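Notes follow the structure.
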Amino acid sequence: MIDLIFPDGSKREFEPGVTGRDVAASIAPSLAKRAILVKLDGELLDVERPLERGGRFEILDRNAPEALETIRHDVSHILAEAVQELFPGTQVTIGPAIEDGFYYDFARDEPFSLDDLARIEQRMKEIVDRDEPIRREVWNRQEAIAHFRSIGEEYKAQIIEGIPGEEPITVYRQGQWKDLCRGPHLPSTKAAGKAFKLTKLAGAYWRGDSNNPMLQRIYGTAWASEADLEAYLKRVEEAEKRDHRKIGRQMDLFHMQEEGRGMVFWHEKGLTLWRTVEAYMRRRLADAGYVEVRTPQVLDRVFWEKSGHWENYRPNMFVCETVEGEELALKPMNCPGHIQIFSFGQKSYRDLPLRMAEFGACHRYEPSGALHGLMRVRAFTQDDAHIFCREDQIVDEVASFIELATSIHEDFGLVRDHITLGTRPNPRAGTDAFWDMAEAQLLDAARKAGVEPVVAEGDGAFYAPKLDFQLKDAIGRSWTCGTIQNDYVLPDRLGAEFVGEDGQKHKPVMLHRAILGSFERFLGVLIENYAGAFPLWLSPVQVVVATITSDADDFALKAAARLRAAGLRVETDLRNEKINYKIREHSLAKTPVIAVVGRREAEEGKVALRRLGSDGQQILGLDEACNVLALEALPPDIARGRGHDAATVGTAAGGEVG
RNA sequence: GCCGCCAUAGCUCAGCCGGUAGAGCGGCGCAUUCGUAAUGCGUAGGUCGGGUGUUCGAGUCACCCUGGCGGCACCA
């Protein structure tokens with residue numbers, strides 16, 4: 001007999017070979033009907049799977065969180081079945097569940113069309129209606145390989161060949177159709193439900209390797225209920241509205257054009273945003289003990305040969321030849337330049353840690369297909385810095401960096417989800433012993449800062465492991481911003497050294513670190529995080545003074561001048577338009593504050609402040625308005641320095657009027 | 001770079017099976033001076049990303065190039 005322990009703690013005995021469905025039926029017939037999966041000691045199993053051992057046991061219906069992944073996986077199989085019915089001769093490969101949905105990769109000479117997608121989706125729904133039972137079978141390895149080969153499924157045969165010897169080869173039958181799969185699966189196609197939708201068509205390399213043939217991938221989304229599906233589609237729509245490329249155009253922040261792929265034309269408002277962020281970063285870095293430097297944009301090929309970049313990254317560098325025959329390259333990164341400054345003259349251990357920052361403009365020839373708005377560009381400015389330190393200073397430096405970065409990210413409304421530790425990749429420089437040590441240092445430092453990193457196997461740079469910050473924005477999407485790497489290789493390669501207490505020369509360790517990543521990308525993230533409705537301190541235009549009638553023009557100009565004198569970024573709108581029209585226009589332009597001035601305000605020397613997103617007004621005397629807004633527009637670091645909490649400042653003074 | 005899709009006024013988009021381009025918003029002009037999310041009327045903008053071909057005739061079909069988008073690969 002086997003013992004099953006239920007979630008309520010009760011324990012019951014069953015015959016070995018009993019199925020999850022039998023167990024459910026012994027509790028209640030309705031439960032047997034609803035059951036789509038069972039969990040035995042944390043492992044998900046088919047409900048029809050005979051149980052050979054006991055353990056902690058749970059019966060899951062389709063609303064269980066764990067069921068969703070299986071539903072998605074099943075829908076991907078239904079997709080594959082539909083495709084093979086409609087397009088005989090198409091080979092199936094793999095089709096996993098992913099975040100929000102699933103995909104399936106097919107090998108077929110003819111490309112699928114968008115129209116095909118609609119047909120396939122229709123057929124998938126028919127397959128669900130057919131209620132085909134899904135059953136697990138264990139096959140003999142050699143027979144399985146021979147079988148899949150014989151039916152022309154070369155990819156499946158290859159997959160089986162790659163499965164470790166001790167693992168059983170399982171095949172799931174789904175009506176007439178079958179697929180190699182580890183499982184688990186739902187009891188029938190009907191259990192998958194119809195809350196799914198095919199979303200996109202894409203190419204994808206077999207086994208993720210660009211040397212392999214390209215397969216056709218069909219993506220879909222699948223949910224436990226129609227309501228969830230609709231909510232998801234709505235979320236996607238909301239995210240599209242925040243697209244920084246769209247908002248960048250609407251708000252006149254920047255543009256890009258054909259002749260400069262991956263290069264940004266920053267317009268006045270976009271540059272204002274940039275400079276605001278830059279000024280903030282300068283203050284934060286200065287407070288944290290960094291010095292700022294600037295290194296050459298273009299350096300001789302010989303320099304990059306020494307640094308090793310020529311050898312490793314030549315195809316991705318912008319290179320030019322001069323009339324005198326020199327070969328020069330635009331810098332793809334700042335580190336070698338910083339080492340030159342470090343090595344200029346002699347450095348003592350007393351100089352360490354030396355934190356050297358540069359808002360460094362770099363150029364990298366990124367593959368054309370990688371370019372994406374501001375997120376991936378060919379010319380970008382990093383908020384770069386290198387901390388030269390002794391080995392025993394690494395942990396402290398990394399830990400305080402984590403604190404600094406966290407504080408900065410939060411000032412921009414981004415909350416940390418987690419930090420990843422990218423470990424040794426392949427290929428890589430250095431011995432395993434080196435990597436053991438370097439990875440341990442980062443782990444120690446993270447823990448010292450109170451963070452337990454999530455390990456991302458093989459995600460490190462080739463010369464060093466790294467910590468990456470994963471942030472969440474206002475609508476829950478995650479972004480990677482900020483990184484730190486402990487590099488022993490480059491300082492050695494470029495001969496950086498310092499004189500230690502012992503009078504001997506030592507090699508410093510170099511911590512490469514960025515908090516924003518690049519200004520381009522970070523501003524893109526900010527635009528999407530705030531959907532263009534920036535907090536007052538960041539907003540390119542902070543106040544628009546809008547008149548109701550031309551009688552108020554003079555006062556409006558005076559008010560604008562005073563607000564500017566108080567340090568605010570102000571525009572005026574004296575056009576002969578109705579106030580409704582102006583309010584609408586400036587609200588759509590995401591202006592945080594509209595200062596309305598009519599005859600009444602002009603006579604009384606007041607302004608009526610209207611905040612974006614609220615329809616109330618705050619009528620204040622001009623002086624008071626200047627004070628309130630200037631205080632409110634303080635960057636968060638300065639507000640903290642003055643003992644103000646930016647979030648609550650400005651709401652205290654003045655009366656609300658409907 | 002690879003696979004697929006797309007490319008029409010400043011913006012968003014319509015233009016069916018080929019017969020020489022439309023709308024809304026925006027712009028400009030005139031009128032309106034009107035208290036917190038769109039005042040009315042009028043008017044000017046495109047030869048349809050570039051090229052080749054098919055055709056009596058192409059925005060509309062085919063092919064090539066360029067670029068954009070969605071993925072894949074890449075991301076020091």
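The values are calculated or read from the model by the stated rules, or taken from the named source; none is laboratory data. All figures in this text were calculated on a predicted structure; none of them were measured in a lab. All Cβ positions, even for glycine, are placed from backbone atoms using ideal geometry, and neighbour counts span all protein chains on display. Keep in mind that these areas ignore ligands, DNA and RNA; they rest on the heavy atoms of the full protein, side chains included. Shrake-Rupley method; radii C 1.70, N 1.55, O 1.52, S 1.80 Å.
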Whenever you get a sec, line up A:290, A:104, A:488 from highest to lowest accessible area (probe 1.4 Å, protein heavy atoms). A:488, A:290, A:104
Length-normalised contact order of the stretch A:298-360 in % [C-alpha pairs under 8 Å, at least 6 apart]: 30 percent
Computed over the stretch A:181-287, the distribution of all Cα-Cα distances in 5 Å bins, rounded to whole %, is 2, 9, 9, 10, 11, 13, 13, 10, 9, 7, 5, 2, 0
What is the distance in Å between the Cα centroid of the stretch A:274-336 and that of the stretch A:103-130? 49 Å
Accessible carbon and sulfur surface of chain A relative to its total accessible area, %, 1.4 Å: 49 percent
Got the relative contact order for the stretch A:98-254 handy, in percent, Cα pairs under 8 Å and 6 or more residues apart? 28 percent
Considering Cα pairs under 8 angstrom that are at least six residues apart, work out the relative contact order of the stretch A:25-102 and quote it in whole percent. 23 percent
Once the dipole of chain A is set up with Lys and Arg at +1 and Asp and Glu at -1 on Cβ about the Cα centre, which of A:549, A:70, A:170 lies farthest towards its positive end? A:549
Would you mind pulling out the separation of the Cα centroids of the stretch A:495-517 and the stretch A:1-66, in Å? 59 Å
Share antiparallel - DSSP beta bridges, the stretch A:1-62, percent rounded to 5: 85 percent
Nearest-5 percent of antiparallel DSSP beta bridges in chain A? 85 percent
What pairs in A:33/A:156; A:200/A:472; A:246/A:269; A:347/A:448; A:39/A:234 have C-alpha atoms more than 22 Å from each other? A:33/A:156; A:200/A:472; A:347/A:448; A:39/A:234
Which order do you get for A:327, A:240, A:624 if you rank them by accessible area with a 1.4 Å probe, largest at the top? A:240, A:624, A:327
Length gained if residue A:278 through residue A:630 is fully extended, taking 0.36 nm per residue and subtracting the Cα-Cα distance, is 124.8 nm
Can you pull the three principal axis extents for the Cα set of the stretch A:1-55, in Å, largest first? 24, 20, 20
Work out the length of the dipole vector of the stretch A:533-626 about its Cα centre, built from +1 on the beta-carbon of each Lys and Arg and -1 on the beta-carbon of each Asp and Glu, and round it to the nearest 20 debye. 280 debye
Taking 2.2 N^0.38 Å as the expected size of a compact globular protein, what ratio does the Cα radius of gyration of the stretch A:366-495 give against it, to two decimals? 1.10
Take the Cα gyration tensor of chain A, multiply each eigenvalue by 5, square-root it, and list the three semi-axes largest first, rounded to whole angstrom. 52, 38, 26
Heads up, the stretch A:106-204 by the C-alpha gyration tensor (a ≥ b ≥ c square roots of eigenvalues; a/c under 1.5 rounded, else a/b over b/c prolate, else oblate) looks oblate
Working from Cα positions, state the angle (0 to 90°, nearest 10) between the long axis of helix A:432-448 and the longest principal axis of chain A. 60 degrees
Would you work out the charge dipole size for chain A about its Cα centre, treating the Cβ of every Lys and Arg as +1 and the Cβ of every Asp and Glu as -1, and quote it to the nearest 20 debye? 1080 debye
Probe 1.4 Å, accessible area per residue of chain A, Å²: 47 Å²
Using only DSSP helix segments of four residues or longer, with each worth -39500 (n - 2.57), what per-residue ellipticity at 222 nm results for chain A after dividing by its residue count and rounding to 500? -11000 deg cm²/dmol
